[in-house]
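A quick write-up on the structure given underneath.
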Amino acid sequence: MNWLKGIFIVVFFGISQLVCSQNIPSNDIIETSKLMDYLKSELQDSLGGIKNITEATLAKYFREKFSERYFYNWKNFETRFHNYNAIYPDVESGHTERAFDHMSKFSDSTQWKLPFNYLNGEPVNAYALRHLARQHKMVDIAFYYNYQNKNPEYLSYFKNQLKSLNAALLTNNFETIEDGNGVYEAFRSGYRVLNWLQIHNMFLGEKTYSDDDQLLTIATLLQHAASLYETNAEFVPGNHQTRGMSALAMLSILFQDFKDSDKWYERAMKMLEAHLDKEINNDGFQFERTVHYHISDIDNYYFVYQLAKNSHLKVNEFWENKLKSLFTALTKIAYPDKSAPVLSDDTNEPWAEKNDISGALTLGYLLFGDPEMGYFANNFVESKMYWYVSDSQLKLLDNIQTKQPDFKSANFPITGYYIMREGWKPKDKMMIISNGLDKDKPDHQHGDMLGVQAMANGQVILPNYQVRYSLKDYEFFKNSMVKNVALVDNELQGKAYTSNQGGSGFGKFKILPQPKTIAWNSNSDLDIYIGSHNGFENIGVNYTRQVIYLKDDFWIVKDNFESDKPHTYKQIWQGHYTMEEAPNLLRSTFNDGSGSDIYQLVSIDSVATSGIRGKEWAVASKNNQTNFNFVTVIFPFGKYDDRIDENKPNSNLKGWQINNSKWKMEGTQPTSLTKENISVFFSVKKLELNKVKIFFSEEADVFIKLENNSLTIQFLNTKPLQIEVLGTKEKGKLILTPGNELNYTLKQ
């Protein structure tokens, strides 16, 4: 019987560990009359001993603590609410509309497990249930309560819906994580905690929000904390766990008086630090490579950082530095008009061609006081964030310290974004190149490998578009036809699209090209990016793209295709274009008279345009080729007179002349652009000027600059080649690698 005794001890010990791991249950709601049993012993003593703590005493204690610990003091809510409506006069209609929407669909005692119906009898789908679980429109109902002269009906709606979830918990009648729509899944639970905390703080001064109501909300939030702790013992990549751990950290700070709060705080901060380490790349960008999720992560970490500061809790330097890098990254990708490009699954405004980053950088300024963040900041916070900043922080916005960034071109080598920037004047030029793929979770990646976006003269001349998961053409907008990329035949970059099981509309590509950066170099004359991907190797095509920014004039995009069999090679350009001299010249113009020309230096066969949802694009094609190189000028102009003159056979491109160099060039189909003492050559095997001769082992792309007795050669090619220069003091053959420069001294 000793073996049976041993098993009993092991099992008992295991069960004991499970029971004792937390004092507060994750599958039950503590009775309000027993909450004091779960307080830390020192607080029990300070409140007169556990037997003397009444519910009224406990409710009063937490009202006081919330006034100190939450983002703002609830005692000032009436003044804040008045100011809120004065600063944001349009918010009332939005709150009212969303409140009505929620209340017209769900009863206050709603169900939490599918299938069930809306109040109008139609079935609730998975997408709607997820949003019910987040409870974000319950915040609108709380505001509507205040707009309706504090009609208790709307406060009761919140109380009853909270109770309905508790009832569903006790009867095990709620959607589980395994169903794909889990009500207590980290993201939805975490979002709900954030919203219910805001509502709780708003209602603390209301007579109809009794001591018992307040304590029931607290007990419910404690159960949420216990659940988040219990179901997040292991690291899970992505924003869902980050949202949940942010909520757990918030609860551990606001309710630091309870026995389990220390382990909650330790777990949450450890997990959040792991997410910062693994998901905020060392170049400062969030790993999912979107502005939307980047800013979402800022919010997640901001909430915790702010509450920790309010409670004088130390946050380690790693945490602080990573958080700051998230804000700094936004300044680096900013357009000259202080907005940002659209990067993959950005979802705030479907079909929008820019992102508003001013709200995020306003928060950054409030946290760190950095004048470069102040340059992008507003003198107000976004309406939703008004309730997450203190009064003293709001006063800082009366006198924002600003400093224009002193950087121009920038890069995120880990994330795979490369920025070519003229400067920060409103009409300056900027282009961003995307060539990255997260190895662990590329779910939000679009089919835009080696895609570009650009702004000039205050206009987005090469756009990308925001999306929304629930729209039927989400998959289309996620793939390559609505990107500024190169394609082959009918191949798109994103392949094997699959929707998620929850039915929200979100989906991802199981197959995306693997990117490679070959070279990145920025100097006073030009920026050069060279990259490749394997997206067409399945049909036997090797592909590379070179992007050259001739400062501060225009860009050249060179797309290179190699294959043993003939194919149709394509460039996709987003925008509304007319065929000025099709197929080799396309033009788009804007309402201020500025525009952008797309000019092919090497002739192509055809251009076709198409569109959807008010968006259009042009497809430039070269047909039936084994090998082909597009050499394409992206030429922004500020006014009509500065365009590429379609009436002249060799139009001047801001002083650059086409195939009119003093250098004698040899090659199969060589092309040159020359401006004064500078030339860019494509597909040259040999160059000669006076006594200087330059030989390449294969046809090459190079930048040449002659200045006094100095010769500078920068290699723009996609692979290393051998170079030999005669007529200079330096002798010998060298291997020149992509992007690198060589300097020679001419013989007298």
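Points to keep in mind about this one:
- Tyr118/Val619 FRET efficiency (R0 45 Å; Cβ-Cβ; nearest 0.05): 0.55
- Theoretical ellipticity at 222 nm over the chain - DSSP helices of four or more residues, -39500 (n - 2.57) apiece, nearest 500: -10500 deg cm²/dmol
- Here's the picture: a label point sits 7 Å out from the Cα of Asn627 along the beta-carbon direction, and within region 523-545 the residues with their amide nitrogen under 19 Å of it are 531-533, 536-537, 539-545.
- The HN-Hα couplings worked out from phi for region 559-569 by the Karplus form 6.51 cos²θ - 1.76 cosθ + 1.60 (θ = phi - 60°) are 10, 10, 10, 9, 7, 7, 10, x, 9, 9, 9 Hz, whole numbers, x standing for Gly and Pro.
- Sum of side-chain charges, Asn411 neighbourhood, beta-carbon under 9 Å (Lys, Arg +1; Asp, Glu -1): 0
- For region 70-109: rounded, prolate or oblate by the Cα gyration tensor [a/c cutoff 1.5]: oblate
- 5 angstrom amide H check on Leu716, placed H, neighbours 5+ away: Asp701, Val702, Phe703, Gly739
- Accessible surface of Tyr365, taken over heavy atoms with a 1.4 Å probe and every protein chain present, rounds to 20 Å².
- FRET efficiency for the pair Thr54 and Thr171, taken as 1/(1 + (r/R0)^6) with r the Cβ-Cβ distance and R0 = 30 Å, rounds to 0.50.
- Contour minus Cα-Cα distance for Lys324 and Asn378 (0.36 nm per residue): 17.6 nm
- Across all Cα pairs in region 587-719, the calculated P(r) in 10 Å bins from zero up to the longest distance comes to 10, 34, 32, 18, 5, 1 percent per bin.
- Relative contact order of region 111-240: 28 percent, from C-alpha pairs under 8 Å at least 6 residues apart in sequence.
- Distant alpha-carbon pairs in region 263-314 (separation over 14 angstrom), percent: 58
- Calculated from backbone phi, Karplus (6.51, -1.76, 1.60) coupling profile of region 689-696 in Hz, x at Gly/Pro: 8, 6, 8, 8, 10, 10, 10, 10
- Counting only protein heavy atoms and a 1.4 Å probe, region 632-748 has 51 square angstrom of accessible area per residue.
- Rounded to the nearest 10 Å², the accessible area of Tyr305 at probe 1.4 Å: 10
- For region 490-628, averaging the sequence separation of C-alpha pairs within contact (under 8 Å, six or more residues apart) and dividing by the residue count gives a relative contact order of 17 percent.
- Look at where the Cα atoms of region 303-354 and of region 653-674 average out, and the two centres are 45 Å apart.
- Radius of gyration over Kirkwood radius for region 453-581, both on Cα atoms: the Rg/Rh ratio is 1.00.
- Rounded, prolate or oblate (a/c below 1.5 giving rounded, otherwise prolate when a/b exceeds b/c) for region 209-345 by Cα gyration tensor: prolate
- In whole angstrom, region 62-179 maps to an equivalent ellipsoid with semi-axes of 29, 18, 12, each derived as √(5λ) from the alpha carbon gyration tensor and ordered largest first.
- Surface accessible to a 1.4 Å probe, His200 within the full protein complex, Å²: 0
- One decimal place: the segment Ser697-Glu92 gains 210.8 nm when fully extended, by the rule 0.36 nm per residue minus the C-alpha distance.
- If you take all other residues with their beta carbon under 14 Å from the beta carbon of His275, and give Lys and Arg +1 and Asp and Glu -1, the sum is -3.
- Relative contact order of the chain, defined on C-alpha pairs under 8 angstrom at six or more residues apart (%): 7
- Candidates per trypsin sites (Lys or Arg not before Pro) in region 649-728, loop by DSSP, up to 16 other Cβ within 10 Å: Lys654, Lys662, Lys691
- Neighbour cut-off at most 12 other Cβ (10 Å), DSSP loop, GluC sites (Glu not before Pro), region 226-272: Glu234
- Sequentially through region 310-320, phi angles give Karplus couplings (6.51, -1.76, 1.60; θ = phi - 60°) of 4, 9, 6, 8, 6, 10, 5, 5, 4, 4, 5 Hz, Gly and Pro residues having no value and appearing as x.
- Net lengthening on full extension, Asn85/Glu562 (0.36 nm per residue, minus Cα-Cα): 165.6 nm
- With all protein chains in place and a 1.4 Å probe, the accessible surface of the chain carries 48 percent carbon and sulfur.
- The structure shown yields P(r) over Cα pairs in 20 Å bins from 0, in percent, and of the options [x] 18, 52, 29, 2; [y] 16, 48, 31, 5, 0; [z] 15, 42, 28, 13, 2, 0 that calculated value carries the label [z].
- Accessible surface, 1.4 Å probe, highest first, among residues Thr498, Thr668: Thr668, Thr498
The values are calculated or read from the model by the stated rules, or taken from the named source; none is laboratory data. A quick note: this is a predicted structure, and the numbers were derived from the prediction, not measured. Cβ coordinates were reconstructed from backbone atoms using ideal geometry, including for glycine residues, and neighbour counts include every protein chain displayed. Just the protein is used for accessible areas: all its heavy atoms, side chains included, with ligands, DNA and RNA removed. Shrake-Rupley method; radii C 1.70, N 1.55, O 1.52, S 1.80 Å.
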